[in-house]
Amino acid sequence: MNIASVIIYCFIVTFTPGPTNIVILSTVHNFGVKKALEYTYGATIAFGTLLIISAMLNTTLITVIPKILMVMQIIGSIYMLYLAYQIYKMDSSDSTETKGGTFKSGFIMQFLNPKVVLFTMTVFPTFILPYYNSKSVLTISALVITVIGFLAFITWVLFGAIFKTFLQKHEKMVNVIMTLFLVYAAIMIWM
């Protein structure tokens with residue numbers, strides 16, 4: 001298992017702007033850190049829940065249909081390249097706002113976030129299941145990835161205003177760097 005690739009992939013997917021991160025940024029800006037933290041806790045719990053469901057579902061699928069792993073690796077690679085393209089063409093002026101940051105709204109947003117659902121359904125079969133399928137490794141992986149997600153959310157909370165300004169000032173450079181990292185991660189799946 002190429003740990004660098006999975007870590008890079010997790011960091012890029014969780015730290016780059018997406019619906020949840022943009023709402024966190026907006027909540028910090030409009031309602032303050034306390035409300036953004038409440039929203040973040042809900043999003044983190046939903047993220048961890050989706051990872052656990054994904055680990056169980058993918059383990060079952062691989063046991064029942066062994067050839068599914070190759071299909072999931074292909075889907076994972078295509079998804080990473082799609083994300084790379086989306087990040088490359090991203091325009092930060094398309095931000096969304098929320099009426100308030102609650103645990104429930106954070107949980108629902110994250111649980112229904114297509115970016116997160118696709119990520120959680122591809123990270124295990126792409127990076128972990130080709131090498132390990134023990135419950136302990138899957139559990140530790142889910143916990144580590146959840147912590148990475150939580151760190152991403154906290155980063156958006158703590159540096160909300162500063163990060164937003166930086167992204168707007170250097171948007172193209174940041175997008176190109178993130179794009180290149182995602183392309184690298186997609187290539188490393190096959191190494």
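The values are calculated or read from the model by the stated rules, or taken from the named source; none is laboratory data. Computed from a predicted structure; not experimentally measured. Note: ideal-geometry Cβ built from the backbone for every residue, glycine included; neighbour counts use all protein chains shown. Please note that ligands, DNA and RNA were not included when accessible areas were found on the heavy atoms of the full protein model with its side chains. Shrake-Rupley method; radii C 1.70, N 1.55, O 1.52, S 1.80 Å.
Output the residue which, of all residues in the range 119-134 that are touching a residue at least 60 places away in the same chain (Cβ under 8 Å) and more than 17 Å from the chain's Cα centre (by Cα), is surrounded by the most Cβ atoms within 10 Å (Cβ to Cβ). Filtering first and then ranking leaves Leu129. When Ile162 is tested against the conditions (1) farther than 20 Å from Ala84 by Cα; (2) touching a residue at least 40 places away in the same chain (Cβ under 8 Å), the lone failure is (2). With the condition kept exactly as written, say whether any residue in the range 87-103 is at pLDDT 85 or above and among the basic types (Lys, Arg). No, the range 87-103 has no match at all. Of the residues making up the range 117-133, those that are assigned to a helix (DSSP H, G or I) and among the aliphatic types (A, V, I, L, M) are Val117, Leu118, Met121, Val123, Ile128. Just one of (1) modelled with pLDDT of 80 or more; (2) open to solvent by 80 Å² or more (accessible area, probe 1.4 Å); (3) under 19 Å from Thr16 (Cα atoms) trips up Phe150, so point out which. For Phe150, the failing item is (2).
Note on the range 1-64: enclosed helices (runs of 4 or more DSSP H) holding 3 or more residues that are more than 22 Å from Phe107 (Cβ to Cβ), open to solvent by 10 Å² or more (accessible area, probe 1.4 Å) and modelled with pLDDT of 90 or more are 3-15.
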